[in-house]
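Q: Can you keep this structure in mind? I'll have questions shortly.
The values are calculated or read from the model by the stated rules, or taken from the named source; none is laboratory data. Remember, predicted model here, so these are calculated numbers, not experimental data. As a convention, Cβ positions derive from the backbone with ideal geometry for all residues, glycine included, and neighbour counts pool all protein chains shown. Areas reflect the complete protein model, heavy atoms only, side chains present, ligands, DNA and RNA absent. Shrake-Rupley method; radii C 1.70, N 1.55, O 1.52, S 1.80 Å.
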Amino acid sequence: MRHLRLFPDDTAIPFMRWRKFSFLFSGILSVLCFVAYFTFGMNTGIDFQGGTLMEIQTKAGPADLGDIRQKMNGLGLGEVQVQSFGAPENVLLRIVRQPGGDAEQVAVVGKVQAVFGDTVEYRRTEVVGPRVSGELAQNGIIGVLLALAGIMVYVWFRFEWQYSLGAVIATLHDIVLTIGLFAVLQLEFNLSSIAAILTIIGYSLNDTVVVYDRIREMRRKYKRMPLPAMLDLAINQTLTRTTNTALTTLIALLALYVFGGEVIRSFTFAMLFGVIVGTYSSIFIAAPVLIFLDPQLAGDKSEDEGEEAKAAPAKA
């Protein structure tokens, strides 16, 4: 049985010739993301703003989420999330924190009870205050920073410090662009978004480590080959694996985005964007940045073009 190969074995795409353009392109995008973040801000959800959480159970059979959402939107309470969980009758209502003190939050519960009356059973009511939401935001940031620190330590021990720093630069690139996407499109940013960012970090790192591992093999085999030519050789040899992984992941995420419902739509959209950006960064950021981190690894620059022309990718 023949394996699917989107690129032939003799693929020799000169990725390193485009490194200056890729760095310029990524740099401009990163600056625009910072501008969008400080201009538009983040559309933070209930997890980070605080609000009211109510768990209800319908008495007349499975819950009609569309009808419940329509009634909740009619109350004029701002952002409201309606989520089914567990049994078909169970519904979770998340209502953004209302302006004012505790009295306003208590009034929200009364309005919801007035709308649904005795048609539902009110199983749980909680109010998430600003202190709790602030702790959630802080813990989310700490989680991302710890992930980056873990990546640096892991890649440093497995490879060298240049690879470690390159992996972190590529990962930061993915995080900045993803956060910029949330800021530009004003997508809701909540704990699910933090989970999406952490998942994107893992996916991007996996692609980067595969390329780095092949680069390490090439360095042992072709000790006199300049690094730019070696990087091209390594990327071309792993190109089929990289694209196959990205395409299969995108197909699964696209199905979740279309059929998964509103609850996970922002999560899957961020993941779709993150997979594309992570694949791009592993090729155009993580690999070529090694040339700038340690010029000694790059070899004789005068031999660069000649070696790139001679290097032909072997089978992956």
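Q: Quote the accessible area belonging to Arg241 in square angstrom, nearest 10, computed with a 1.4 Å probe and with ligands, DNA and RNA left uncounted.
A: Answer for Arg241: close to 80 Å² accessible.
Q: Amide H of Ser84: which non-local residues (sequence gap of 5 or more, or other chain) have their own amide H closer than 5 Å, using H built in the peptide plane?
A: Correct list: Leu92.
Q: Out of residues 5 or more away from Met42 or on other chains, whose amide H comes under 5 Å of its own, with H placed 1.01 Å from N in the peptide plane?
A: Result for Met42 returns nothing.
Q: Got a sec to turn the phi values of the range 14-31 into Karplus ³J(HN,Hα) couplings, 6.51 cos²θ - 1.76 cosθ + 1.60 with θ = phi - 60°, whole Hz, x for Gly and Pro?
A: x, 4, 5, 5, 9, 5, 5, 5, 5, 5, 5, 4, 5, x, 5, 4, 5, 4
Q: Roughly speaking, to the nearest percent, how much of the range 51-128's 1.4 Å accessible area is carbon and sulfur? Working shown, then result.
A: Values: 2000 of 4040 Å².
Taking all protein chains in place, the range 51-128 shows 50 percent carbon and sulfur surface.
Q: Continuing with the same structure: Leaving ligands and nucleic acids out of the surface, order Val108, Val258 by accessible area at 1.4 Å, largest first.
A: The ordering from most to least exposed comes out as Val258, Val108.
Q: Sort 230-236, 72-78, 266-272 by the packing proxy (mean of other Cβ within 10 Å over each peptide's residues), most packed first.
A: Packing order, densest peptide first, comes out as 230-236, 266-272, 72-78.
Q: Okay, moving on. Can you tell me the Rg and Dmax of the range 170-235, counting just the alpha carbons, in angstroms?
A: Every Cα atom of the range 170-235 included, Rg and Dmax give 16.7, 51 Å.
Q: Leaving out ligands, DNA and RNA but keeping every protein chain, what accessible area does Asp207 have, in Å² rounded to the nearest 10, with a 1.4 Å probe?
A: 0 Å²
Q: What's the percent breakdown of Cα-Cα distances in the range 51-128 across 10 Å bins, shortest bin first?
A: Each 10 Å bin holds this share of Cα pairs: 19, 58, 21, 2.
Q: Residue by residue, what Karplus-based ³J(HN,Hα) values in Hz, rounded to whole numbers, does the range 240-246 have, using 6.51, -1.76 and 1.60 with θ = phi - 60° and x for Gly and Pro?
A: Values, residue by residue: 5, 5, 4, 5, 4, 4, 5 Hz.
Q: Go through Ser282, Ser30 and list them by solvent-accessible area, largest first, probe radius 1.4 Å.
A: Ser30, Ser282
Q: Moving on to the next point. If you count only protein heavy atoms with a 1.4 Å probe, what accessible area per residue comes out for the range 150-293, rounded to a whole Å²?
A: Spelled out: the 1.4 Å probe surface of the range 150-293, per residue, equals 40 Å².
Q: On to the next question. From the phi of every residue in the range 38-47, what ³J(HN,Hα) in whole Hz does the Karplus formula 6.51 cos²θ - 1.76 cosθ + 1.60 yield, where θ is phi - 60° and glycine or proline is x?
A: Along the range 38-47, the couplings run 7, 8, 8, x, 9, 7, 5, x, 4, 4 Hz.
Q: Run the 1.4 Å probe and let me know the accessible area of Leu24, rounded to the nearest 10 Å².
A: It works out to around 110 Å².
Q: Summarise the long-distance tail of P(r) for the range 131-212 by giving the % of C-alpha pairs beyond 21 Å. Write out the running numbers ahead of the final one.
A: Working: 1075 of 3321 pairs.
Tail of P(r) above 21 Å: 32 percent of Cα pairs.
Q: Also, quick follow-up: So if R0 is 25 Å, what FRET efficiency would Val144 and Leu293 give, r being the distance between their Cβ atoms, rounded to the nearest 0.05?
A: 0.65
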